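Here is the structure we will look at, set down as structure tokens.
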Amino acid sequence: MTNPNDQNALDFVRAKNKDKLYEATLKEVQENQKEKRPEWSLTELKVSHENHTLDNEVSNIIKEVRKLDG
């Protein structure tokens, strides 16, 4: 016959391990949800790229004007 204290200790450790596994899994699921990115249509991607390119060009022009004013 096993010692009841030993059985209680084993049950406690098993419960703690299950709790840690649950928390780790929950944290991983939450991190994955944060990292989900929206799916963009091809048109949206093209427009985004064009906006970025335009912003870059405007920035370059502003830099050149500042150099001339300088």
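Quick check: pseudo-label points 7 Å beyond the Cα along Cα→Cβ at Val29 and Arg66, how many nm apart are they?
Distance between label points: 4.9 nm.
What list of ³J(HN,Hα) couplings, whole Hz, do you get for segment 19-30 from phi and the Karplus terms 6.51, -1.76, 1.60, once you set θ to phi - 60° and write x for glycine and proline?
Result, rounded to whole Hz: 4, 5, 5, 4, 4, 5, 5, 4, 4, 5, 4, 5.
From the backbone phi of segment 4-12, what are the Karplus-calculated ³J(HN,Hα) couplings (6.51 cos²θ - 1.76 cosθ + 1.60, θ = phi - 60°) in whole Hz, Gly and Pro given as x?
x, 5, 5, 5, 4, 5, 4, 4, 4
Which residue, chosen from Phe12, Thr53, Pro38, occupies the Cα position most advanced towards the positive end of the dipole of the chain, where the dipole is computed from +1 (Lys, Arg) and -1 (Asp, Glu) charges on Cβ about the Cα centre?
Of Phe12, Thr53, Pro38, it is Phe12.
How large is the helix-only mean residue ellipticity at 222 nm for the chain, computed as the sum of -39500 (n - 2.57) over DSSP H runs with n ≥ 4, divided by its residue count, in deg cm²/dmol to the nearest 500?
Here the helix-only value at 222 nm equals -31000 deg cm²/dmol.
For the chain, rounded, prolate or oblate, judged on the Cα gyration tensor with a ≥ b ≥ c (square roots of eigenvalues), a/c < 1.5 rounded, else prolate if a/b > b/c?
Oblate shape, in that a/c is at least 1.5 and b/c is the bigger or equal ratio.
Using only Cα atoms and rounding to the nearest 10 degrees, what angle (0 to 90) does helix 42-69 make with the longest principal axis of the chain?
50 degrees
Any read-out appearing in this document is the output of simple, stated calculations on the displayed coordinates, not a laboratory observation. All values reported here derive from a predicted model rather than from experimental measurement. Reconstructed Cβ throughout: ideal geometry from the backbone, glycine too, with neighbour counts over all protein chains shown.
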